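What follows is one structure encoded as structure tokens, with my remarks underneath.
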Amino acid sequence: MHLQKVFLSDELLKHLPSWWEDIDDDLKWQEYSFVVLSAAYGLLTLVALVQLVRIQRRVPEYGWTTQKVFHLLNAFVCLLRCVVFALRDKVQQIEPEALQYVLLDLPGLLFFTTYTLLVLFWAEIYHQARSLPTASLRPLFLAFNAVVYAVQIALWVLTGLAQSSSTHNLLRVASCGFLAIVSICAAVGFLVYGGRLFLMLRRFPIESRGRRKKLREVGCVTAICAACFTLRAVIVAWSAFDADDADLDVLDHPLLNVVYYTACELVPSALVLYILRKLPPRRSQQGYQQIPVR
């Protein structure tokens, strides 16, 4: 089995262009790639915070809505990534090694929680529209996230306590496999509830521009998030079984890091923030007013 894995890895590397390896060995690429990633996450942090402030100024009386929590978590995830990438060489030197994994894996878990909030929001809308009970949705969301964090924390602790390198490597494979499964669950959640909400909206008579925009919004966010979580699952699973050439937690794979974080977090986050940029309507001081049909 080991020989088969080595053979497959060698066959894969034969098809990779030589410039890929040249970039991996280039110290300037290793330095500047993380600077670029840090700057990109810093920009997204600013965008999410600005949007949060705009929403709070528009509807301060509504408290912490799902939309506000989404933007706050988005900003926090991007800020963590920004700091970690800005100090990437120092993070690589942290002892014990398990603390490195906490700093590298925790933003990914928070990213999962942030975007599954959209799944929860859509599930509540769908259940309300179908006159289905919604009381269990939020507790299920919290319970599922609690289980995810508990399992990952247990893997971090066991990794820190591992005495042999073989046990340590086995736990890292288990951690990567678990994160891949979590990402697949998120992708399935978007396809199920995003797809249901999209089909439900399509059945309604679309007589206004607002409804057409909502239909496009749900469809685009569903496609973007399902694709990014599926891609994340594939790359993380690959890194679990090919640590030499696909490890995301080392400095000497700069191009893989740029491709992974750009495709799985930066671009999806930027697109979703752009799609969901619309502010909620101001609360009317004159009671209910009919929404004009455009």
Exercise for review: Of all residues in region 254-281, count the ones that are charged (D, E, K, R) and surrounded by fewer than 20 Cβ atoms within 10 Å (Cβ to Cβ).
Suggested key: 2
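Which residues, taken from region 95-122, are small (Gly, Ala, Ser) and out of contact with any Phe, Trp or Tyr (no Cβ under 6 Å at 6 or more places or on another chain)?
At the first step, the residues of region 95-122 found to be small (Gly, Ala, Ser) are 98, 108.
Once the filter is applied, which keeps residues that are small (Gly, Ala, Ser) and out of contact with any Phe, Trp or Tyr (no Cβ under 6 Å at 6 or more places or on another chain), region 95-122 yields only 108.
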Point to revise | Options 69, 84, 77, 59: the member that is surrounded by 19 or more Cβ atoms within 10 Å (Cβ to Cβ), under 30 Å from residue 280 (Cβ atoms) and of a type in the set (A, V, I, L, M, F, W, C) | key: 77
Point to revise | Among the candidates 173, 148, 182, residue that is within 19 Å of residue 237 (Cβ to Cβ), part of a helix (DSSP H, G or I), modelled with pLDDT under 90 and aliphatic (A, V, I, L, M) | key: 173
Exercise for review: Looking for whichever is surrounded by 18 or more Cβ atoms within 10 Å (Cβ to Cβ), aromatic (Phe, Trp, Tyr) and out of contact with any Phe, Trp or Tyr (no Cβ under 7 Å at 6 or more places or on another chain) here; the options are 144, 198. Which one fits?
Suggested key: 198
Review point. Does at least one position in region 90-102 carry a residue that is in a loop (DSSP other than H, G, I, E, B) and closer than 20 Å to residue 36 by Cα?
Key: yes
**Study point:** Among (1) without any contact (Cβ under 8 Å) to a residue 12 or more places away in the chain; (2) buried (at least 18 other Cβ atoms within 10 Å of the Cβ) - the single one residue 159 does not satisfy
**Key:** (1)
Practice item. Restricting attention to helices (runs of 4 or more DSSP H) lying wholly within region 188-294, give those where 2 or more residues are modelled with pLDDT of 80 or more. Key: 195-203, 209-241, 254-261, 267-275
Practice item. Could you list all residues from region 68-86 that are under 13 Å from residue 114 (Cα atoms) and either in contact with a Ser or Thr (Cβ under 7 Å, 6 or more places away or on another chain) or at pLDDT below 90 (or both)? Key: 70, 73, 74, 75, 77, 78
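The values are calculated or read from the model by the stated rules, or taken from the named source; none is laboratory data. Remember, it's a predicted structure, so these values are computed and weren't measured experimentally. Neighbour counts run over all protein chains shown; Cβ positions are idealised from the backbone, glycine included.
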